[in-house]
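Report on the structure given below.
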Amino acid sequence: MYRAYGFLSPGAAFDLDAAAARLVARIPGSSSARSGDAVTVSQGGWELYVAVVQGPHVPDETVGITDRLAGFDRAEAEALAQSDRRVEVWTDTPDPFMEHFNDYLSAVEVLKSFPGVVAVDPKEPSLL
């Protein structure tokens, strides 16, 4: 199971519908469905979720993660902490043979394709 966050710099123009379209284009045989601020990308029995998360907790969580990133620019961390939005990508579908790992990596690449998005692994804080 995989998870990534996309921290949004102030003014970042992340578009959930565009992200879903880019993902479906990169994952053969997949489709997407949107519900509110979340998109589910499905391929067979595997599902990947992309959601925009917003709230007053986001800046503090951003600082908590960026503070643990070795060599992360402090000024950039402070700029990211000004945003109360982030993008989360995850899957809860087990992938014991890593058949969908490349699909997850495609999702990370899609996040990074939007200007102003910084992709990180929130569990083992590192830049992706």
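Taken together, the values in this text are just the output of simple stated rules run on the coordinates, not laboratory data. Here the structure is a predicted model, which means the values were calculated and not measured. Glycine gets a Cβ as well: all are built from the backbone with ideal geometry, and neighbour counts include every protein chain shown.
Got a sec? Charge dipole of the chain, +1 on Cβ for Lys and Arg, -1 for Asp and Glu; which of Ser42, Val89, Ala25 is way out at the positive end?
Positive-end residue among those listed: Ala25.
Helix-only mean residue ellipticity at 222 nm, the chain, DSSP H runs n ≥ 4 weighted -39,500 (n - 2.57), per residue, nearest 500. What is it?
Mean residue ellipticity, 222 nm, calculated: -9000 deg cm²/dmol.
Hey, got the dipole for the chain? About the Cα centre, +1 on K and R Cβ, -1 on D and E Cβ, debye to the nearest 20?
200
Calculated FRET efficiency, Ala75 and Lys123, Cβ-Cβ r, R0 25 Å, to nearest 0.05?
0.50
Mind giving me the nanometre distance, one decimal, between the label points for Asp67 and Glu47, set 7 Å out from Cα along Cα→Cβ?
3.5
State the answer as a single residue: which of Pro56, Val117, Thr66 lies farthest towards the positive end of the charge dipole of the chain, with beta carbon charges of +1 for Lys and Arg and -1 for Asp and Glu, about the Cα centre.
Val117
Could you tally the net charge around Asp60, taking each other residue with its Cβ under 11 Å from the Cβ of Asp60, Lys/Arg +1 and Asp/Glu -1?
Around Asp60, the charge tally is -3.
What's the center-to-center distance, using Cα atoms, between region 79-128 and region 1-68 in Å?
7
Compute the long axis of helix 101-112 from its Cα atoms, compare it with the longest principal axis of the Cα atoms of the chain, and write down the angle in degrees, 0 to 90, nearest 10.
It is inclined by approximately 40 degrees.
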